[in-house]
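**Q** Take a look at the following structure, please.
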Amino acid sequence: TDVSIFALNLTTALGLALAIDYTLLIVSRFRDEVAAGAPREQALVTTMVTAGRTVLFSALTVALSMAAMVLFPMYFLKSFAYAGVATVALCAAAAVLVTPAAIMLLGDRLDALDVRRVVRRRPDPVDAHERFWYRSTKFVTRRAVLVALAGTVLLVALGLPFLRVSWGLPDERVLPRSASAYQVGELVRTAFPDNAEASLTVVVPDAGGLTAPDYERYAAAASRIDGVTTVSAPPGVYADGRRVGPPSETSGTGAGAAFLTVGSTTALFTDASQRQLDALRALPGPGGREVAITGIAQVNRDSVAAIEQRLPVVLGVIAAITLVLLFVLTGSVVLPIKALILNMLSLTAAFGALVWIFQEGHLGAFGTTPTGALVANMPVLLFCIAFGLSMDYEVFIIARIREFWLASGRTRADNDESVALGLAHTGRVVTAAALIMSISFGALIAAQVSFMRMFGLGLTLAVLVDATLVRMGLLPAYMRLMGRWNWWAPPVLSRLVSRPGTSRN
């Protein structure tokens, strides 16, 4: 199958980020177990039973979220699904197989060359209650209503520009201004009356028996549509309903088919372009025959329609995967729903930023040329990948919170304490992982192709917002407000995760 060259960018960035994330989680948990007094062998067993299980759940969630892209018909999105699934699977396999072996082989040398000894005056407190993330979580939970309301309103406000999104196809303007293709395209757009990119081709699949007057009537009618400059048809060239030239060499007949070229001055990806396309499609074909239309405007419409047609299915599949996997992990139906809500909020700000910067041209469009539209494939791609990565952090945190919850008396106060302790043990790991991942994805901002630069910035923003404002602010605030309801599930579902072989302990 065809694979997009840009899938290599995802493989490199995602592979580096996830490999470090998963290893960081396992090593951090191993150090916690050793610090608590467990022998190294037992510490490693406990680590793999807990953190190793978390890595597998996280990898499965990320991989299945990306696999949903195979449901789209475009090979561009399919190839990112192939690259994403393969990368996540290999990273997870390395984390659960190579990492524990490396830990045992390194022994005490695991902590050799610890740069923290140089940059820190004192080590991290062994007691979780003295850690920064415990204190910050307690601060959030004491002001849960304010944090939840302010954070939600802020993210929704940042996402409002996405309501103005316009979809388009990439052209030579995705290249840097120094590229010859960019310079030629700019010259054609500004120095010539007709824009070849905006022209449309009308094809008559069955042209047998059509006469010159049939084409003339159709061409004359088409030339009266707003923005249409010329209609080149087999019999000649028409403008404003009149023949103005001899038969065109660029139009022709053959094999029982014919085509006409409709010149246009209308800017692509605008409302005027859509109205022009609608008006052209509403015209009866030559001699009343059926016609097919192509051109960038029609390809853009068909591409967006293909995405919109499959998008509800893809979103439904991703939501179902998330709900099922998080339910198996937590035994709760409330936490998976909360995770979906928080993920959508974290992506809202990133999508709003993409429109504000790359479509509307703020902040110098990050050195790119704004075209007034976003490449339709990229937000879909960004959503599937960023959603999976957001669930990555959700699984890291919720899995540790659940451990403390199951070991507690399971009261409302125990819920708050479990959240604080869970974040105390995972907050630094998640923050470090997010910084590493943002550096990895941020490298894509250096790409010379504008939509890859947009992709890199979007993923970087999504990861940073999710790992900071959402996971460290909104997550504990929401869990504080829901109290013991966080862990609720109908009895029939609770029995599913409590049966032999799927113990919740």
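The values are calculated or read from the model by the stated rules, or taken from the named source; none is laboratory data. Every value quoted in this text rests on a predicted model; they were computed, and no experiment measured them. Virtual Cβ from ideal backbone geometry, glycine too; neighbours counted across all protein chains shown. Note: accessible area is taken over every heavy atom of the protein model, side chains too, but ligands, DNA and RNA are not part of it. Shrake-Rupley method; radii C 1.70, N 1.55, O 1.52, S 1.80 Å.
**Q** Compute the length gained on full extension between residue 98 and residue 3: take 0.36 nm times their separation in residues and subtract their Cα-Cα distance, giving the result in nm to one decimal.
**A** Once the chain is fully extended between residue 98 and residue 3, it gains 31.3 nm.
**Q** Might you report the magnitude of the Cβ-based charge dipole of the chain about its Cα centre, with Lys and Arg at +1 and Asp and Glu at -1, to the nearest 20 debye?
**A** Rounded to the nearest 20 debye, it is 1940 debye.
**Q** Taking 37 °C and 0.692 mPa s as the conditions, I'd like the Stokes-Einstein D for the chain in µm²/s, using the Kirkwood hydrodynamic radius from alpha carbon pairs.
**A** 127
**Q** Among bridges DSSP assigns within the chain, what percent are antiparallel (round to 5)?
**A** Around 90 percent antiparallel, to the nearest 5.
**Q** Also, I was wondering about something else. Within segment 1-28, name every residue whose backbone N is under 18 Å away from a label modeled 7 Å from Cα of residue 306 along the Cβ vector.
**A** Residues 1-7 qualify, since their backbone N sits under 18 Å from the label point.
**Q** Quick one: putting +1 on the C-beta of Lys and Arg, -1 on the C-beta of Asp and Glu, what dipole do you get for segment 369-505 around its Cα centre, in Debye to the nearest 20?
**A** 380
**Q** Please compute the length gained on full extension between residue 406 and residue 435, using 0.36 nm multiplied by the number of residues separating them and subtracting their Cα-Cα distance.
**A** Extra length available between residue 406 and residue 435 comes to 7.4 nm.
**Q** Oh, and also: Would you mind pulling out the separation of the Cα centroids of segment 300-346 and segment 270-284, in Å?
**A** Comparing the Cα centres of segment 300-346 and segment 270-284, I get a distance of 34 Å.
**Q** Rolling a 1.4 angstrom probe over the protein heavy atoms, how many square angstrom per residue are accessible across the chain?
**A** With the other protein chains kept in place, the chain gives 45 Å² per residue.
**Q** Next question. Once amide H atoms are built 1.01 Å from N in the peptide plane, which residues 5 or more positions from residue 167, or in another chain, come under 5 Å H to H?
**A** Residues meeting the criterion, in which the H sits 1.01 Å from N, are 374.
**Q** By per-residue mean of other Cβ atoms within 10 Å, what is the highest-first order of 319-325, 332-338?
**A** Ranked by mean Cβ neighbours within 10 Å, highest first: 332-338, 319-325.
**Q** How much accessible area does residue 172 have with a 1.4 Å probe, in Å² rounded to the nearest 10?
**A** 30
**Q** Per DSSP helix of 4 or more residues, -39500 (n - 2.57); summed, then divided by the residues of the chain. What does that give at 222 nm, rounded to the nearest 500? Could you put the intermediate results ahead of the total?
**A** Numbers: 17 runs with 300 residues, N = 505.
My calculation for the chain gives -20000 deg cm²/dmol from helical runs alone.
**Q** Helix by helix through the chain, keep the DSSP H runs that span 30 Å or more along the axis on Cα and average at least -1.0 on Kyte-Doolittle, and give those back in order.
**A** Membrane-span-like by this criterion, though nothing is claimed about a membrane: 7-35, 75-106, 296-330, 334-354, 377-406, 412-442.
**Q** With θ taken as phi - 60° and the coefficients 6.51, -1.76 and 1.60, list the Karplus ³J(HN,Hα) couplings across segment 257-267 in order, rounded to whole Hz; mark glycine and proline as x.
**A** 10, 8, 9, 10, 9, 9, x, 8, 10, 6, 5
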